[in-house]
Every structure is written in structure tokens, then in C-alpha cells.
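Below is one structure, written out as C-alpha cells, with a few remarks after it.
The numbers here are math on the coordinates, done by the rules we state, and not lab data. A quick note: this is a predicted structure, and the numbers were derived from the prediction, not measured. With ideal geometry, Cβ positions are generated from the backbone for all residues, glycine too; neighbour counts draw on all protein chains shown.
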Amino acid sequence: MKKIGVMLSGCGVFDGAEIHEATITLLSIDQLGAQAICMAPDIEFDVVNHLTQKETNERRNVLVESARIARGNIQNVKDVNIDDIDALIFPGGFGAAKNLSDFAIKGAEATVNPEIQSLLHEMCLAKKPIGAICIAPATIAKALTKQQVTVTIGNDNKTARTIEKTGATHSKCSVENICIDEKNNIITTPAYMLGPGIKEVAKGIYKLVQEVVKRA
């Protein structure tokens with residue numbers, strides 16, 4: 001059975017992993033007969049009240065919060081070896097650009113969590129497929145600047161220009177479709193960067209997972 005890593009960044013669209021995107025990813029992996037291996041970094045993050053969309057004075061742990069989505073079946077990313085997985089997928093949510101990297105704050109000058117950057121480099125070197133959803137492609141682009149990857153976040157010109165400042169190429173894409181970087185084996189889809197709803201988002205995510213599993 002193919003093992004597909006799923007990199008989570010917390011629990012909740014405004015400060016962690018987008019729950020719809022993460023759940024659709026996990027469902028699609030299962031439907032395609034593969035096994036999801038959930039992982040997240042063991043780091044702290046600032047919490048956003050999802051009712052008011054304002055920051056609180058609270059801090060939580062990314063790994064602990066991600067365990068909510070994974071139903072407790074999750075690993076610390078530092079304990080994951082590329083031999084453990086055949087592919088790796090990053091659901092979106094603000095956490096993908098705030099907790100896995102600081103792209104949301106620093107843009108093209110961002111840094112990526114070193115454990116995640118190391119894993120991405122190893123995956124790329126081994127030519128194993130990488131999938132990224134919603135805003136997560138921005139973190140992939142920054143982590144793999146030397147590879148000059150091609151990704152999509154949909155059609156938001158400001159975000160696309162910032163991604164291209166990292167050395168990546170941005171390709172416009174509709175919500176139900178995927179962007180494939182053949183050279184680097186990277187598949188991306190806009191999801192909730194475009195919306196408008198869960199049924200549209202699900203189409204693109206399923207296509208992405210299907211392509212990742214096929215290539216794994």
C-alpha cells in the first residue's frame with residue numbers, strides 16, 4: 001500500500017490547517033487505496049478566535065492541534081524519514097504560511113521550518129511527488145528556491161507576484177483543476193484561495209491526490 005504523508009499545520013483555517021482541505025485530502029487518500037501518514041512540527045503558534053477572526057493572547061502547539069484532525073494518529077515531522085512515505089501533501093490554511101514558514105509575514109524573504117525544509121529537499125532529490133493545496137504552495141516555493149518550481153494558488157495577482165519573487169513560476173489555475181510541475185514532480189491546486197464552496201474545492205483536491213498517488 002502506498003504511504004502518503006500529510007503535513008498539517010494546526011487545526012483551523014485562520015491559524016492552522018484548513019479543516020475541509022485536510023479532511024478531503026485524507027478521505028481522497030483512503031478512497032484511492034493508499035494510507036495517510038499525518039505529521040506536523042512540534043512548535044508553538046499564536047491562536048486566532050475563529051468566531052471573531054482576531055488574535056487572542058493564547059498560544060498552542062501545532063502538533064497537538066493537528067492531532068485533532070488526525071484523530072490522534074500523527075507523528076512529529078522530525079521523526080519522519082523519506083523512506084517512510086512515498087509522497088507528501090500539504091493542505092492549506094493560514095498555518096501553512098504562518099506555522100510551517102513565515103511567508104504570511106515576510107513574503108519572499110520568508111524562512112521555512114528547518115525540519116520541513118529538509119524533508120522537502122530530500123523528497124525532491126528522491127523525485128518523490130509533492131502536493132500542495134491553497135496557500136501551501138507558497139511555502140513549497142520558498143523551501144525549493146533552487147529548484148525554481150512551478151506552482152499555483154489560483155489567480156490572486158499579489159500573492160502570485162510574491163511567490164515569483166522567490167524564484168518560482170506561478171501558473172493561473174481554476175479551483176477544480178491542478179497545476180503539474182513535471183520537472184520537480186510537484187502538483188498544486190488553489191482550493192479555498194478561490195472557493196467558492198466545499199464541493200468545488202473537493203474536485204481540485206481529489207484530482208491532486210489522485211495524481212500524487214498515481215506518481216507515488
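Table for the structure above
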read-out	value
Lys/Arg +1, Asp/Glu -1 at C-beta; the chain dipole; positive extreme among ILE198, ASN57, GLY12	ILE198
Cross-link partners of LYS146 among aspartates and glutamates (Cα-Cα below 18 Å; sequence separation of 8 or more within a chain)	GLU109, GLU115, GLU122, GLU164, ASP181, GLU182
The chain - mean residue ellipticity at 222 nm from DSSP helices (-39,500 (n - 2.57) per run, n ≥ 4, rounded to 500)	-10000 deg cm²/dmol
Environment charge at ALA202 (Cβ cut-off 13 Å; Lys +1, Arg +1, Asp -1, Glu -1)	-1
Extended-chain gain in nm, criterion 0.36 nm per residue less alpha-carbon gap, HIS121 and VAL64	18.0 nm
Distance (nanometres) between label positions extended 7 Å along Cα→Cβ at ILE198 and LYS106	3.6 nm
Length gained when the stretch ASP30-LYS146 is fully extended (0.36 nm per residue, less Cα-Cα span)	38.4 nm
Unit Cα scatterers, Debye sum, segment 3-215: log10 I(q)/I(0) for q = 0.08, 0.09, 0.13, 0.16 Å⁻¹	-0.22, -0.28, -0.61, -0.98
Burial ranking of peptide ranges 129-138, 206-215, 55-64, 180-189 (average Cβ count within 10 Å, highest at the top)	129-138, 180-189, 206-215, 55-64
Entries in LYS78/LYS172; LYS106/LYS128; LYS142/LYS172; LYS106/LYS207 that, when Cα-Cα distance is taken, lie over 23 Å	LYS78/LYS172; LYS106/LYS128; LYS106/LYS207
